[in-house]
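The values are calculated or read from the model by the stated rules, or taken from the named source; none is laboratory data. Everything numeric here is computed off the predicted structure, so don't read it as measured data. Glycine gets a Cβ as well: all are built from the backbone with ideal geometry, and neighbour counts include every protein chain shown. The area values use the complete protein model at the heavy-atom level, side chains included, leaving out ligands, DNA and RNA. Shrake-Rupley method; radii C 1.70, N 1.55, O 1.52, S 1.80 Å.
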Amino acid sequence: MPTNATLQPAFAEHELSRKPARGSSPVLTLAAALLGFALITLDASVVNVALPAIGGDLGGGMSGLQWVVDAYTLAFAALMLSTGAFADRIGPAKAYALGIVVFTLASAACGLAPDLGVLIGARVVQGVAAAVVLPASLALVRQAYPDPARRARAVALWAAGGSVAVALGPVAGGALTTVWDWRGIFFVNLPLGVAALALTTRAPRAARRPAPLDLPGQLTAAVALAALAFAVIEQGAVRIAAGVVALTAGVAFRLVERRAAHPVVPLGLFRSRAVTVSIGAGAAASVAFYGVVFVFSLYFQRVRGESALTAGLMFLPMTVLIPVMNVLSGKLSNRFGPRIPMLMGQLTALAGLLALLLVDGNTPTLLAAFLMVPLALGCGLSVPALTAAMMEALPPERAGLAAGVLNAGRQVAGALSIAVFGSLVAGGAGFVPGLRVSLLASAALFAVSALATLRTRKDLA
């Protein structure tokens, strides 16, 4: 769920003030960065509406459809912890170009996939590439605009690209699946990727910076997250074995991070109450948003019998308001501090989740679509504020680290929500009972995060 919360790599002051190289174009650089960010954001949401068509063509059942989404999201989230440092090491322009090339080739592989296994594998590669593109794209914007005021406007436009992609994702997925085929949602990335790569030729080239990589920490984190997803999605002996691997890798990650000279996630971050509350609130928002989009994509088509195009259009009332709420959240945070918009957003989203409990197999499709609106309003209001709170809780030189941890946590929470909610709606109790349990679980998380925000008066003021 993109917002104007951004991943901000920490740059040395002299790099921020460096003038763009001769021949570079700030406007074209911004266009490249915005297009790449919108592209990788679109792929996180465009697939949901196409899932029934993918399942009908390639098979695989509910667990297979969950992996089509989570393979991308988990790879994206796990590697986001380190790719900012990677971009610094080789230079943002090179990292961005590499990420776009790999993402475009992986998109072609997704569109040509002969079976579900190949599709899921290609989605993993897409997620890896997206994790490289995200921090590199913002780094390009920061380098292209050395003036702070112009840079702030450019970053706002960059972030708006992600919000617009969220709004268009379900609609684009439904339209492409209906008019073309589910493979069209991946083939459309090819000309967009080529355009982003061409625009990158006008981006400024920066000197490489020393940026230590915590490879053991990154590896154990990736194994723990992947195994945890297997434990939630799969059944039987696979679930048990995956649970053991997840626990072992999690313990190993903690031990590695305690001893690493440059840990990918410094455990000392969590001593700050503002940090833990912000991460928890971000996770609750991602669980609710990504989980609801996933299950209602299936609800509109499998329960209500709507076409993929109609299902995509049903998300437009909720997603089109997210950019508006992002802007409002920023204004409220500037005036009152992040705590007030965080709390307002959390309570609004909580009310929206409770309202969605009214949905059953006979609920009119349009009514169900408008019942999702309060959830979008709440998430759009709370996420930029909690990101601001996270940034304010740490010194400026740790902004990139803070944003990376926060965004990785949100992506992981969203991926796990799809895993859990998919299992619930596919269970023996039936789709609608599973849907309601999913909504109640999301509401409980929002209630806990709202209470934590309410009690953290001093740190979030």
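For region 231-256, what are the residues that are touching a residue at least 24 places away in the same chain (Cβ under 8 Å) and in contact with a Lys or Arg (Cβ under 9 Å, 6 or more places away or on another chain)?
Val232, Ile233
Examine region 154-164 for a residue that is more than 23 Å from the chain's Cα centre (by Cα) and open to solvent by 50 Å² or more (accessible area, probe 1.4 Å), and state whether such a residue exists. Quick ask: steps written out before the conclusion?
Within region 154-164, the first condition is being more than 23 Å from the chain's Cα centre (by Cα), and the residues that meet it are none.
No, region 154-164 contains no residue that is more than 23 Å from the chain's Cα centre (by Cα) and open to solvent by 50 Å² or more (accessible area, probe 1.4 Å).
Looking at this structure, is Pro395 modelled with pLDDT under 85 and either surrounded by fewer than 17 Cβ atoms within 10 Å (Cβ to Cβ) or touching a helix residue (DSSP H, G or I) at 6+ places or on another chain (Cβ under 7 Å) (or both)? Spell out how you get there, then give the answer.
Working: modelled with pLDDT under 85: yes; either surrounded by fewer than 17 Cβ atoms within 10 Å (Cβ to Cβ) or touching a helix residue (DSSP H, G or I) at 6+ places or on another chain (Cβ under 7 Å) (or both): yes.
When the stated conditions are applied, Pro395 passes them.
Please indicate, with yes or no, whether at least one residue in region 362-379 is more than 24 Å from Ala441 (Cα to Cα) and buried (at least 21 other Cβ atoms within 10 Å of the Cβ).
no
With the requirement that a residue be more than 18 Å from Gly280 (Cα to Cα), surrounded by fewer than 22 Cβ atoms within 10 Å (Cβ to Cβ) and in contact with a helix residue (DSSP H, G or I) (Cβ under 7 Å, 6 or more places away or on another chain), what does region 433-461 give you?
Gly434, Val437
Being open to solvent by 40 Å² or more (accessible area, probe 1.4 Å), at pLDDT below 70 and under 28 Å from Tyr72 (Cβ atoms) is the filter here; which residues of region 186-218 pass it?
Pro212
Here are Gly330, Gly352, Gly337, Gly312: which of them is among the small types (Gly, Ala, Ser), open to solvent by less than 30 Å² (accessible area, probe 1.4 Å) and modelled with pLDDT of 90 or more? Walk me through how you get there before you give the answer.
Numbers: Gly330 fails: modelled with pLDDT of 90 or more; Gly337 fails: modelled with pLDDT of 90 or more; Gly312 fails: modelled with pLDDT of 90 or more.
Only one candidate passes the filter, namely Gly352.
Take residues that are open to solvent by less than 10 Å² (accessible area, probe 1.4 Å) and tell me which of the helices (runs of 4 or more DSSP H) falling wholly in region 22-126 contain 3 or more. Show your work before the answer.
Numbers: elements: 26-45, 51-58, 61-90, 92-112.
In region 22-126, the matching helices (runs of 4 or more DSSP H) lie at 26-45, 61-90, 92-112.
Name the residues in region 227-269 that are open to solvent by less than 70 Å² (accessible area, probe 1.4 Å), assigned to a helix (DSSP H, G or I), touching a helix residue (DSSP H, G or I) at 6+ places or on another chain (Cβ under 7 Å) and not aliphatic (A, V, I, L, M), would you?
Those that are open to solvent by less than 70 Å² (accessible area, probe 1.4 Å), assigned to a helix (DSSP H, G or I), touching a helix residue (DSSP H, G or I) at 6+ places or on another chain (Cβ under 7 Å) and not aliphatic (A, V, I, L, M): Gly243, Gly250, Phe253, Glu257.
Which condition number does Met342 fail, the rest of (1) without any contact (Cβ under 8 Å) to a residue 24 or more places away in the chain; (2) surrounded by 18 or more Cβ atoms within 10 Å (Cβ to Cβ); (3) not polar (S, T, N, Q) being met?
Tallying (1) without any contact (Cβ under 8 Å) to a residue 24 or more places away in the chain; (2) surrounded by 18 or more Cβ atoms within 10 Å (Cβ to Cβ); (3) not polar (S, T, N, Q), Met342 fails exactly one: (1).
Within region 122-137, which residues are β-branched (Val, Ile, Thr) and within 17 Å of Thr200 (Cβ to Cβ)?
The initial filter retains those residues of region 122-137 that are β-branched (Val, Ile, Thr), namely 124-125, 128, 132-133.
The answer is Val132, Val133.
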